[in-house]
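The values are calculated or read from the model by the stated rules, or taken from the named source; none is laboratory data. Here the structure is a predicted model, which means the values were calculated and not measured. Backbone-built Cβ (ideal geometry, glycine too); neighbour counts: all protein chains shown.
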Amino acid sequence: MQKNDDNKPSKSSEITDILYGTETAKALTNFTISELKMPRAFLWALATLKSACAQANQELGLLDTDKSAAIQLAAKEVADGFHVNQFPVDVFQTGSGTSTNMNVNEVIVSLVKRHSQQKIILHPNDDVNMGQSSNDVIPSCIHLSAAKLISDELLPALQHLSDTLDAKASEHHNTIKTGRTHLMDAMPLSFAQEISGWSSQIRYAHQQLENSLPSLLKLAIGGTAIGTGVNTHPEFSGIVTRVLTQRTGLSFTPADNYFRAISAQDTAVQISGVLKTTAVSLSKVSNDIRWLSSGPLNGLNELQLPELQKGSSIMPGKVNPVIPEAVLMACTQVIGNDTTVTIAGQSGNFQLNTMLPLIGHTLVQSIQLLTSSSIALADKVIKDMKVNHSMINHNLAKNPILATALNQLIGYDKSAEIAKKAYEEKRTVLDVAIELTDISEAELIKLLDPKRLTRE
């Protein structure tokens, strides 16, 4: 699958003529709402589906071999990311996505005509769209594009991030630092333990996406206009999903209920919710890193991030947490996208959802943003970030909350007195405890050992 990289050279740059037809031209006149186009991943799904449909119709004896082969060859060009400039239809179009479906049908017709030197003449509806409707094609492509992106890109990216976090944690089991609750000093923990919390969040997101993936593998194709399957062969959907399974490595099957698959987008809403949760997890990690790297003089300064660029156009030497900030913006977009998909998902009226292009575009964007963000966090932040041991040790030594370790021996009130005095006089808890208790210095050193308090 081609990534959504608008700067990637493509065969489209060699094409000066227009490959789409009249229906696409009408859409360009009618829909001038935005500059947003359907993403490449969605076009990949649409072209891949057209190829599988051509194969199915050939096997069923409904489409001759030459036409089927020609459709599949042209569709592969589209799926491989060529001719990108031939798909100019606005995301904000007819709610069924008919304009985008016809756009692909027309381009395939033109490519076949060109490749065969006009020996093979196809009709965009009768041949390329045989046994299909935009109403079952576009929902199928929503599932197909999302499933492929999650399986091939997002899940590996999350695994890479959690592995990178685990590797960093393994270096810091003996790095004991001040924990924080309510942004205030709390009991100590190892830096490995802190990182393990981040890694666990990412693994949880990975697991939830894996668990949700099977729901995307059920496709609406075969339901045609409203779910009854009118104008398609009863074996069509089974062959299409078999071909898609062979070509993608994902186990696609026809939907359990075509009426639900066409009229509702509950699966997309569910997946979007998991993507939102993933965004929240990445936001937590990014914000923690921002806080821990704040300073260097008037912040926590427990982490030092790689210097990737000048931090300020006016303040020399400033190093800003640029990647965590970029990730936070991406995650904010994903969280907002979930609201978009949710509202779009409830816009199913009777036998058709009428916000299908918006759902497809938004879901793809969320998956791609989370994929890129996970890789950026792993490779540009986590892998090379350094721990400021001197600052960590300094903060830990003067952490008044260490007095909590004495609660069982001297009680809460006495421990609080020690903590308050240590803080007010800027002394260590150990010094004050020696002064205010009858416990031996050796025993206090043992009781107040931060490493012991982490229970590692």
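Taking the stretch 31-78 as the range and being in contact (Cβ under 8 Å) with a residue 40 or more places away in the chain, more than 13 Å from GLY131 (Cα to Cα) and of a type in the set (A, V, I, L, M) as the test, the residues that pass are ILE33, LEU36, MET38, ALA41, LEU43, ALA45, LEU46, ALA47, ALA70, ILE71, LEU73, ALA74.
Could you list, in sequence order, all residues of the stretch 339-354 that are over 20 Å from VAL274 (Cβ atoms), in contact with a strand residue (DSSP E or B) (Cβ under 9 Å, 6 or more places away or on another chain) and modelled with pLDDT of 95 or more?
To start, the set of residues in the stretch 339-354 that are over 20 Å from VAL274 (Cβ atoms) comprises 347-352, 354.
Filter once more, so that each one left must be in contact with a strand residue (DSSP E or B) (Cβ under 9 Å, 6 or more places away or on another chain): 347, 354.
THR354, the sole residue that qualifies.
So which of SER110, SER162 is modelled with pLDDT of 95 or more, buried (at least 19 other Cβ atoms within 10 Å of the Cβ), in contact with a helix residue (DSSP H, G or I) (Cβ under 7 Å, 6 or more places away or on another chain) and assigned to a helix (DSSP H, G or I)? Explain how you work it out, then say what you get.
Working: SER110 fails: in contact with a helix residue (DSSP H, G or I) (Cβ under 7 Å, 6 or more places away or on another chain).
Of SER110, SER162, the one residue that is modelled with pLDDT of 95 or more, buried (at least 19 other Cβ atoms within 10 Å of the Cβ), in contact with a helix residue (DSSP H, G or I) (Cβ under 7 Å, 6 or more places away or on another chain) and assigned to a helix (DSSP H, G or I) is SER162.
Within the stretch 362-411, if we keep just the residues that are out of contact with any helix residue (DSSP H, G or I) (no Cβ under 7 Å at 6 or more places or on another chain) and among the aliphatic types (A, V, I, L, M), the residue that is surrounded by the most Cβ atoms within 10 Å (Cβ to Cβ) turns out to be ILE392. Look at (1) surrounded by 12 or more Cβ atoms within 10 Å (Cβ to Cβ); (2) in contact (Cβ under 8 Å) with a residue 24 or more places away in the chain; (3) under 18 Å from MET184 (Cα atoms) and you find that LEU447 fails only one, number (3).
Scoring GLU35 on the criteria (1) closer than 22 Å to SER140 by Cα; (2) of a type in the set (D, E, K, R); (3) under 30 Å from the mean Cα position of the chain (by Cα) leaves a single failure, condition (1).
Results for (1) under 17 Å from ALA378 (Cβ atoms); (2) small (Gly, Ala, Ser); (3) in contact with a His (Cβ under 9 Å, 6 or more places away or on another chain), shown as yes or no for each residue.
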position	(1), (2), (3)
SER99	no, yes, no
LYS119	no, no, no
VAL128	no, no, no
ILE138	no, no, no
CYS141	no, no, no
LEU155	yes, no, yes
ASP163	yes, no, no
ARG180	no, no, no
MET184	no, no, no
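Regarding the stretch 382-394, can at least one residue be identified that is modelled with pLDDT under 90 and either of a type in the set (D, E, K, R) or under 14 Å from ASP185 (Cβ atoms) (or both)? Yes; the residues of the stretch 382-394 include at least one that is modelled with pLDDT under 90 and either of a type in the set (D, E, K, R) or under 14 Å from ASP185 (Cβ atoms) (or both).
For the stretch 340-355, the set of residues classified as free of Cβ contacts under 8 Å to residues at least 40 places away in the same chain and surrounded by 15 or more Cβ atoms within 10 Å (Cβ to Cβ) consists of THR340 only.
So that you can scan it fast, the table gives a plain yes or no per residue for (1) more than 29 Å from the chain's Cα centre (by Cα); (2) surrounded by fewer than 18 Cβ atoms within 10 Å (Cβ to Cβ):
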residue	(1), (2)
GLN132	yes, no
ILE150	no, no
GLU171	no, yes
THR175	yes, no
ASP185	yes, no
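Scanning the stretch 207-219 for residues that are surrounded by 21 or more Cβ atoms within 10 Å (Cβ to Cβ) and part of a helix (DSSP H, G or I) gives LEU209, LEU216. Pairs are defined by a Cβ separation below 7 Å, a sequence spacing of at least 6 or placement on different chains, a first member in the stretch 242-255 that is without any contact (Cβ under 8 Å) to a residue 40 or more places away in the chain and over 21 Å from GLU153 (Cβ atoms), and a second member that is part of a loop (DSSP other than H, G, I, E, B) and of a type in the set (Phe, Trp, Tyr); no pair meets this definition.
Filter the stretch 92-108 down to residues that are hydrophobic (A, V, I, L, M, F, W, C) and out of contact with any Phe, Trp or Tyr (no Cβ under 9 Å at 6 or more places or on another chain), then give me how many there are. Give the derivation first.
Quick first cut of the stretch 92-108, residues hydrophobic (A, V, I, L, M, F, W, C) only: 92, 102, 104, 107-108.
In the following step, the residues that additionally are out of contact with any Phe, Trp or Tyr (no Cβ under 9 Å at 6 or more places or on another chain) were identified as 108.
Of the residues in the stretch 92-108, 1 are hydrophobic (A, V, I, L, M, F, W, C) and out of contact with any Phe, Trp or Tyr (no Cβ under 9 Å at 6 or more places or on another chain).
Counting the residues of the stretch 31-66 that are in a helix (DSSP H, G or I) and surrounded by 21 or more Cβ atoms within 10 Å (Cβ to Cβ) gives 18. Checking the stated criteria, VAL137 turns out to be at pLDDT 95 or above, within 16 Å of ALA56 (Cβ to Cβ) and either in contact with a Ser or Thr (Cβ under 7 Å, 6 or more places away or on another chain) or in a helix (DSSP H, G or I) (or both).
Being of a type in the set (D, E, K, R) and over 21 Å from ILE142 (Cα atoms) narrows it down to one residue among ASP338, ASP379; which is it? Before the answer, list the steps.
Working: ASP338 fails: over 21 Å from ILE142 (Cα atoms).
Being of a type in the set (D, E, K, R) and over 21 Å from ILE142 (Cα atoms) holds for just one of ASP338, ASP379, which is ASP379.
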